[in-house]
Amino acid sequence: MHRFRTTVSRLRPLAAAQTGPSQSQPRPPAGAGSFMAPRASRALNSSPAARPFPSGASSNYVEEMFSAWLENPGNVHESWDVFFRNANAGAPQGPAGVGALGGSQSTVEDHLAVQSLIRAYQVRGHHVAQLDPLGISCVDLDDAPCAVGPLSPVSHVVSPAPSLSAGLYGLAEEDLDQMFRLPTTTFIGGSEGSLPLREIVRRLEMAYCQHIGVEFMFINDVDQCRWIRQKFETPGVMQFSLEEKRTLLARMIRSTRFEEFLQRKWSSEKRFGLEGCESLIPALKTIIDESSLSGVESVIMGMPHRGRLNVLANVIRKELDQIFCQFDSKLEAADEGSGDVKYHLGTYNKRMNRVSDREVTMSLMANPSHLEAVDPVVQGKTKAEQFYCGDTEGQRVMSILIHGDAAFAGQGIVYETFHLSDLPSYTTHGTVHVVVNNQIGFTTDPRMARSSPYPTDVARVVNAPIFHVNADDPEAVMYVCKVAAEWRTAFHKDVVVDLVSYRRNGHNEIDEPMFTQPLMYKRIRKQRGVLEKFAEKVIGEGVVTTRAYEEEVARYDKICEEAYARSKDEKILHIKHWLDSPWPDFFTVDGQPKSLSCPSTGISEEELGHIGSVAASVPVEDFKIHGGLSRVLKGRANMVSQRVCDWALGEYMAIGSLLKEGIHVRLSGQDVERGTFSHRHHVLHDQNVDKRICIPMNFISPDQAPYTVCNSSLSEYGVLGFELGFAMASPNALVLWEAQFGDFHNTAQCIIDQFISSGQSKWVRQNGIVLLLPHGLEGMGPEHSSARTERFLQMCNDDPDVFPTLTEDFAVRQLFDCNWIVVNCSTPANFFHVLRRQILQPFRKPVSDVRTAVCLITSPPPPPPPPFPPAATHFRRLIPDDGDPEKVKRVVFCSGKIYYELIRERENRGLKEAVAVVRVEQLSPFPFDLVKAETDRYPTADLVWCQEEHKNQGYYDYVKPRIRTAIQPWPPASPARYAGRDPAAAPATGNKPTHLAELRRLLDAAFHLEAGQVE
């Protein structure tokens, strides 16, 4: 009886605020309908609304009306509505014949109280569930201390509860043996329609207050809430066969003994072990088993470093000797790249699932120490695999994300990733999120790490159910993960499993946690291991014998020892064995490596004309477009007829030609469908019909590849990570991400630094993603000017001091050897070629910095208009001038749209013959050969590097040593001088006159010739 008072008193405050209609709330609150079963109104023989309040109504009749009213007050007559509102609010007998009912009012009040009690458990039961194995955490709202032992009966220690006779929910202690008809909002009765109050409370506690806490009442879908209640409230639902228990024990043995083996062999090595949450391994395997039974063929996973080696060994089933050999300090790296630490690596494996008897492909994505950074990458790769296999509902390909509690609550990328979950072009149709809740960050406890009761509260933003579970109860973990997998299959939506556990060691195995969490770790030191407790339990139940258990332990220990012996034979680490996204047959032709050559990126004028005509059309009948867009399309048609193109048409032709050749193209980012500068218009909108759109690019050819162009959420970090993951899935697709302005890529810097610039070196992960970054100083202020080119160039791996050996395939080999490509195109034709080159070259490299100048996008370059990209041509790494070497006194090297400012100024000053202006279109890898050829053409001219960016920004620091290397053995005084803006902290001024004055000064510097040379 005390336990009933304790639990009910703690549940009541929240429930009271969310239960039933009242005078001040004429309808149940949002989500209340989810607790009302649809069959309540169907039980009525006639419309309740037509049946007024009767005098002397029977108790059954009142209950019938009450059930209908709970589902929807509009189901009953107005007089019943008033009666139930007053009864629920505890009003005295009065209007609408309440006094005439006599004993019926008490019946209604009692049933309302039971309904409120059931709702209280459903809403708040997770707050008083036994979730913490250590018994030190309490998320209850009354701040009472918790002392719950692992796998022990309910034993909450709380302040004294008020007496039930005082009227808790209107129920008294003598009501415990009274029978109550169960509402249709609960499944605790099973097939029974009525239960004593005592049994109702017991079953509610078993469902919601043991080792599983179910957080779902915020979901506003009736069917989803009903589904969850059925999974957790139905009596005896959490039952396992003997075979299931034995499998669970075997998985716990592997998880635990793997960590113990590593500890024995390498006690002083960092490995970020899983001790304290060993149940993660059976959790993941249960999710995969259940998903495979439902038809899933591919599982893509992402996780931080804690527990990664165990997941690699016992979930992905990576060869143990390949894992163990990485602990050898004498292991030499192969020549594939720099590699990464063992607990950052990913892998790929295909194996038979013994539960479903189906083959399952599993991929664990490599991830740096930036914890949650891999989340959107996994989602993008999952979406791509679904796209390429025609899986429109996520039935064949799924993702699992493993998180740490502190990172899940603290990292904004988690929120960004969740917000992609239901967007049409980004949804993966449900992800299972598993939180390894250590209840501590590095040295920070939850009180300083988050402002919410749980680390998982961010998932509520997308109405994802959250299943908290005590990780020291493997059976509860197994059941929760089974339900999570079934949820994803049933509803194709995200779900969160919160494994409440602890971290037996410090942040790593050589860290001392007692410095900062002494009391917590005193308790951890006394904590019995979960395997020991679970083995004791199943042996006591007769599931296995002690001998069988010990034999299973010895069998796995032997497997580890044999793998350890084999690992000593490994002398070289081949990082390609850890590739998480293989591209079968891409790098070979007939079993032989592809040659390093790139065919012409040009196409025939006829093809260009056809694509251009599509770009200028509306290929859907009876489609009303905006009048302004009609003028845009007419202008395109005129350009096509004149065989000239602007930036938008050049892009259209590049993408369209690849689609025609069977290459899928995906363009994503903020406002990319129309284009930030209203230039692209790849998606046309019917002006009279909502949601009716037309994508002309999908009408180029009957057998073309599909074109995906999609506006993203207002996110850079999450969306760029997603597109990177999408590009990993296949080399035969062009994936482009465009920043609204190039400046905004800085909020995605983690993806750029950790995955794009260094991904191949660390993880042998080639990737062909293209970043489109509008860039150019045009007086628009410091946040709409610079794409921070200097950052990209600083991360390039070509040596500034070494002039490369020139070979026949030099240009392609340079691309093959670099970590990424940085270009700044000044013509639509060169933009056309660089996009096509991405697909036609025999490997994949990120084009990290396509500098698309705003002024070139919004208006064509100065006359003459740019022609169609010529056939049988390539991307031009450098575009020379046609000056006479005998007359040229100065060679001005530049990149991007400043070229047009320079030639305009040169014309105004009458210096066309005296000054040659040379465009460096590909900054990295640097065109040493072409720069040398240009300087050799003008042996007597002095050299200038001109840029519109400030001196400490832009290209100057990158090109200066490389120009010096290219022109050696010229005298040291010969390297190019600088002409541009002075160093500054901000990328650009926000004052237009200041901007123009700076531009004037840099042009003066570019054309100020040496003494003795007439300007």
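From the convex hull of the Cα coordinates of region 242-578, what is the mean projected area in square nanometres?
Convex hull of Cα atoms, orientation-averaged projection: 17.0 nm².
Stretch Phe803-Asp982 to full length: gain in nm at 0.36 nm per residue minus the Cα-Cα span?
That pair, Phe803 and Asp982, stretches by 61.5 nm at full extension.
Per residue, how much space in cubic angstrom lies within the convex hull of the C-alpha atoms of region 511-610?
Value for region 511-610: 411 Å³ per residue.
Please state, as a whole number in µm²/s, the translational diffusion coefficient that the Stokes-Einstein equation yields for region 783-908 at 4 °C and 1.567 mPa s, with Rh defined as the Kirkwood radius across alpha carbon pairs.
Stokes-Einstein gives a translational diffusion coefficient of 77 µm²/s.
If you stretched the chain out fully between Asn349 and Asp622, how much longer would it get, using 0.36 nm times the residue separation minus the C-alpha to C-alpha distance?
Additional length available on full extension: 93.2 nm.
Setting aside same-chain residues fewer than 8 positions from Lys951, which lysines have a Cα under 22 Å from its Cα?
By straight Cα distance, Lys951 reaches Lys897, Lys960, Lys992.
Computed over the Cα atoms, what is the radius of gyration of the chain divided by 2.2 N^0.38 Å, N being its residue count?
Cα-based Rg divided by the globular estimate yields 1.12.
What aspartates and glutamates sit close enough to Lys342 to cross-link, taking a C-alpha to C-alpha distance under 14 Å and skipping anything fewer than 8 places away on the same chain?
Glu269, Glu319, Asp321, Asp328, Glu332, Asp580
Angle between the Cα long axis of helix 104-124 and the longest principal axis of the chain, 0 to 90 degrees, nearest 10?
40
Pull up all non-local amide H partners of Leu923: gap of 5 or more, or a different chain, and H-to-H distance under 5 Å with H placed in the peptide plane.
Val822, Val823, Asn824
Given N residues in region 635-680, what is Rg(Cα) / (2.2 N^0.38 Å)?
Here the answer is 1.26, to two decimals.
Within straight cross-link reach of Lys691, meaning Cα distance under 21 Å, which lysines are found once same-chain residues fewer than 8 apart are removed?
Counting by Cα, and skipping residues close in sequence, Lys691 has these lysines nearby: Lys624.
How much length is gained on full extension from Asn638 to Asn991, taking 0.36 nm per residue of separation minus their Cα-Cα distance?
123.3 nm
What's the angle, to the nearest 10 degrees (0 to 90), between helix 222-233's Cα axis and the longest principal axis of the chain?
In the chain, helix 222-233 runs at an angle near 60 degrees to the longest axis.
If the only charges are +1 at each Lys and Arg Cβ and -1 at each Asp and Glu Cβ, what is the size of the charge dipole of region 567-706 around the Cα centre, to the nearest 20 debye?
380
Does anyone have the angle between helix 242-265 and the longest principal axis of the chain? Alpha-carbon axes, 0 to 90°, nearest 10?
Tilt of helix 242-265: around 50 degrees.
About the Cα centre of the chain, what is the dipole size in debye to 20, counting +1 per Lys and Arg Cβ and -1 per Asp and Glu Cβ, all else neutral?
Around 380 debye, computed over the chain.
Name the shape class, rounded, prolate or oblate, that the alpha-carbon gyration tensor gives for region 656-740, where a ≥ b ≥ c are the square roots of its eigenvalues, rounded holds for a/c under 1.5, and otherwise prolate holds if a/b is larger than b/c and oblate otherwise.
The shape class here is oblate.
Say a paramagnetic label sat at a point 7 Å from the Cα of Glu536, along Cα to Cβ; which residues of region 486-503 have their backbone N under 19 Å from it?
502
Thr516 to Gln592: FRET efficiency via 1/(1 + (r/R0)^6), r the Cβ-Cβ distance, R0 51 Å, to the nearest 0.05?
That gives a FRET efficiency of 0.30.
Specify, per residue and in Å³, the volume enclosed by the convex hull of the alpha carbon atoms belonging to region 625-858.
Cα-based convex hull of region 625-858, divided per residue, equals 152 Å³.
Hey, what did region 776-928 get for relative contact order, percent, Cα under 8 Å, at least 6 apart?
30
For region 885-1007, max minus min Cα coordinate along each principal axis, in Å, sorted largest first?
The principal-axis extents, from largest down, are 43, 32, 24 Å.
Over 25 Å between Cα atoms: which of Lys245/Lys270; Lys231/Lys350; Lys350/Lys762 fall into that group?
Check vs 25 Å cut-off fails for Lys245/Lys270; Lys231/Lys350.
FYI, it's all coordinate maths here, none of it is from the lab. Source: prediction; values computed, not measured. Glycine also receives a Cβ, built like all others from the backbone with ideal geometry; neighbour counts cover every protein chain displayed.
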